[in-house]
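Just dropping this structure here.
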Amino acid sequence: MSRVSLLLVSVLLVWSCSAPGESNPEVHFTVPANFPEPVYAFERNPMTSAGVELGKALFNEPLLSRDNSFSCAECHSQPYGFTHHGHDVSHGIDNLKGTRNSLSLQNLAWESSFFWDGGVGDLDFVPIAPITNAVELGETTKNVLDKLRATKKYPLLFKKAFGSEEITTERFLKAFSQFMVTLVSAHSRYDKFVRNEGETLTPEEQAGLKLFEQKCSSCHQGALFTDHSFRNNGLFVQGVKDEGRAKVTELEKDKYTFRVPSLRNVAVTGPYMHDGRFYTLEAVLDHYAEGVQDTQNLDPVLRQKPGLGIALTLQERQQIVAFLKTLTDEEFLKNKRFAAE
Amino acid sequence: MKFHSFLFINFLIISGILSSCTKENPTPVTEGDSNDVILEFDNRVGAQKLVLGETLYQTGTGESFTVSTFNYFVSNVSLKKTDGSNIKFPDQYFLIRQADNNSWEPVLKNVPAGDYQEITFTIGVDSTKSVSPVGERKGVLDEGSYGDDGMYWSWNSGYIFLKLEGTSPAAPANGAGIRRFQMHVGGFGGMTSATINNLRTVTLPFPQNQLATVRKTVAPTIHVIANLQKIFSGKTTVKIADTPAIHMPAAAVPLANNYVHMFTVDHTHNE
């Protein structure tokens, strides 16, 4: 447990982000005690209540799609950890299917690359991808901005957030980030347990935590449950044969590697993996124990036992699944602050 | 009589143009003076003017094609004086779009008075700018300004340095029976790991006796011809039939290596 106590002593950082002159300064973003320091460049995008509100409105705004039918929130739904519930690969405008499973939106201020392949390196630029993707929102940023300018509502919201009614790409994207970085999940039973906030874990859950730290945390590391690296966890190369990180870098060494996803709220973010191939956590554990394939660039960690993968008895798999369920953060999933008005 | 005066006026105009192109004794340089330098990008296909739409052109290998879109970024311009010193214009990005004649003649402001003999520029958007914060992406770098004629790859956060699109009988027909080809070149070298870098820099000495003489009252124009035929043949042969759709940096390398040979300075005007 030494790692946990180390996390506990890490400083509580508070970003006081209110605009000058705001009478009742509100804290919009706090670093949980068991989290490392965030990487998002807050100094370039000072947060205000009006900015966060604008970002939330945009996130739920169907004008962002070509036929004004579809918003970000359709594929990133709060009760399911901001994923596209029940879809292996996301369906967008005109019910067109993508090839990737929607990622959960949480703790984004700690990420330095986005999407399964890390194609975008700055949260501020993320919204452009779904807006302009033909199978997601199918629009152009220019049209979206023009549509927003033509409304009564948005020039006023931009004025509240940025001081004038002007709607620019920069303001639009910064408002999005202001909202998205507020999506911090740090109140799961696990968090309260490691922060000594009076929470206990059952013996089964504690056994699962121990096993997880031995067998999974080299990749799903630390308080965020990811080391932010790109790895091949031995999935069978199937379907569209997604090359993952190599799609962006075109490098052999990156073929079939994907960003190690966080496992926070994982019990509600199924189906799992970049293409949503596993419907249950049990199926994921079976994969690590029995299904790991020797494909190009398979991670060395999964080569250590004969027959590949991670040695796990059936009982151990159950214990790990029990532990993973302690990562569900009801406060986060139900927080009204994040929900559309 | 009428006919004669018409000819005479024509003669006056033509000789006026000729003399201004070859001004022989520019006034001496006064320290501290400056003026604009206009870069005129004149896009052509071989010896023909580039006109978007129906006109059929030929590549060096005899594939015929039309052009619907031709855009490219020019950045990091520097001008070399006759004394060998360089004047740089960092943080200025120009997007030449054949569809918009207002974009063909970007202006360098506050160029120090002097005699210039050579221009260098980058085709594309350098890596520093390609990873810069959104607040530093204004004007032609603003993704929200492009509309349907995008110059940005959202999936790898990079600009499209050069875009050539059109139709060609050598390209396969799509569902609607249209034979489109699309050549998009980008790739700034990667955010974290080193990836394909298709940034190319060209240096173009001005032709003999053609200096750009910047003076308090002289704002020269540097007339650059871009021969897009060279995209198919500048260094190696690229056939539309083989690669009708290029959308990734690695596949675009031959195009970038070809189009560095696309530019020439035809002449300068000192007016």
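The values are calculated or read from the model by the stated rules, or taken from the named source; none is laboratory data. Bear in mind that the values here come from a model prediction, so they are computed numbers and not experimental data. Because the Cβ atoms are built from the backbone with ideal geometry, glycine has one as well, and the counts that use them run over all protein chains shown. Just the protein is used for accessible areas: all its heavy atoms, side chains included, with ligands, DNA and RNA removed. Shrake-Rupley method; radii C 1.70, N 1.55, O 1.52, S 1.80 Å.
In nm, give the distance between the simple-model label positions of residue B:243 and residue B:204, each being 7 Å from the Cα along the Cα-to-Cβ direction.
Each label point lies 7 Å from its Cα, and together they span 2.3 nm.
Dipole size in debye (nearest 20) for chain A around its Cα centre, Lys and Arg Cβ +1, Asp and Glu Cβ -1?
160 debye
Same structure, new question: Which of the GluC sites (Glu not before Pro) across segment A:106-203 are loop residues per DSSP, with 15 or fewer other Cβ within 10 Å?
Sparse-neighbourhood loop GluC sites (Glu not before Pro): A:165, A:166, A:197, A:199.
Hey, another quick one. If you fit an axis through the alpha-carbon atoms of helix B:249-259 and take the longest principal axis of the Cα set of chain B, what angle between them do you get, 0 to 90°, nearest 10?
Here the helix axis deviates by roughly 30 degrees.
Sticking with this structure for a sec: Measure out, as a whole number of angstrom, how far apart the alpha-carbon centroids of segment B:185-200 and segment B:210-256 sit.
18 Å
Taking 0.36 nm per intervening residue step and subtracting the Cα-Cα distance, what contour gain separates residue A:165 from residue A:30 on full extension?
The span from residue A:165 to residue A:30 would gain 45.7 nm if fully extended.
Segment A:149-167 to segment B:122-140: how many Å between their Cα centroids?
26 Å
Give the carbon-plus-sulfur fraction of the accessible surface of segment A:185-341 in %, rounded to a whole number; probe 1.4 Å, heavy atoms of protein chains only.
The nonpolar share, carbon plus sulfur, comes to 53 percent.
Of A:255/B:129; A:253/A:305; A:153/A:336; A:247/A:334, which pairs sit farther than 25 Å apart, going by alpha carbon to alpha carbon?
A:255/B:129; A:247/A:334, as the Cα separations exceed 25 Å there.
Charges only on Cβ, +1 for Lys and Arg, -1 for Asp and Glu: so what's the dipole of segment A:134-186 about the Cα centre, in debye to the nearest 20?
240 debye
Determine, from the Cβ-Cβ distance of residue A:95 and residue A:301 and an R0 of 45 Å, the FRET efficiency 1/(1 + (r/R0)^6), rounded to the nearest 0.05.
With a Förster radius of 45 Å, E is 0.70.
Name the residue from A:289, A:119, A:141 whose Cα lies farthest towards the positive end of the charge dipole of chain A, charges +1 on Cβ of Lys and Arg and -1 on Cβ of Asp and Glu.
A:141
If you roll a 1.4 Å probe over the heavy atoms of the protein chains, what accessible area per residue do you get for the protein assembly as shown, in Å²?
For the protein assembly as shown, the solvent-accessible area averages 45 Å² per residue.
Towards the positive end of the charge dipole of chain A, with charges on Cβ (+1 Lys, Arg; -1 Asp, Glu), say which of A:203, A:272, A:102 has the farthest Cα.
A:102
Label-point separation (nm) for residue A:228 and residue A:197, each offset 7 Å from Cα along Cα-to-Cβ?
The modelled label-to-label distance comes out at 2.4 nm.
How big is the dipole moment of the protein assembly as shown about its Cα centre under a simple scheme where the beta carbon of each Lys and Arg is +1, that of each Asp and Glu is -1, and everything else is neutral? Debye, nearest 20, please.
Result for the protein assembly as shown is approximately 460 debye, rounded to the nearest 20.
What's the Kirkwood radius of chain A in Å, using all Cα pairs?
Computed over chain A, the radius equals 21.1 Å.
Return the average number of partner chain Cβ atoms within 10 angstrom of each residue Cβ along peptide B:191-201.
Per residue, the number of nearby Cβ atoms from other chains is 3 on average.
Here is a further query. Taking N as the number of residues in the protein assembly as shown, what value does Rg over Cα atoms divided by 2.2 N^0.38 Å take?
Here the answer is 1.15, to two decimals.
List the lysines whose alpha-carbon lies under 16 Å from that of residue A:192, not counting same-chain residues fewer than 8 positions away?
Within reach: A:325.
Give me the residues in segment B:114-137 whose solvent-accessible area, probe 1.4 Å, is reduced by at least 10 Å² once all protein chains are included instead of the chain isolated.
Residues of segment B:114-137 that lose at least 10 Å² of accessible area once the other chains are added: B:133, B:134, B:135, B:137.
Of all beta bridges DSSP finds with both residues in the protein assembly as shown, what is the antiparallel percent, to the nearest 5?
Among the beta bridges of the protein assembly as shown, antiparallel pairing accounts for roughly 85 percent.
Could I ask something else about it? Would you mind listing how long chain B runs along its three principal axes, going by Cα atoms, in whole Å with the largest first?
Largest first, chain B extends 60, 53, 33 Å along its Cα principal axes.
Right, another one. Per the helix-only calculation at 222 nm, which mean residue ellipticity applies to chain A, given -39500 (n - 2.57) for every DSSP H run of n ≥ 4 and division by its residues, nearest 500 deg cm²/dmol?
-8500 deg cm²/dmol
At a Förster distance of 56 Å, what's the computed FRET efficiency of residue B:176 paired with residue A:341, Cβ-Cβ distance as r, to 0.05?
0.85
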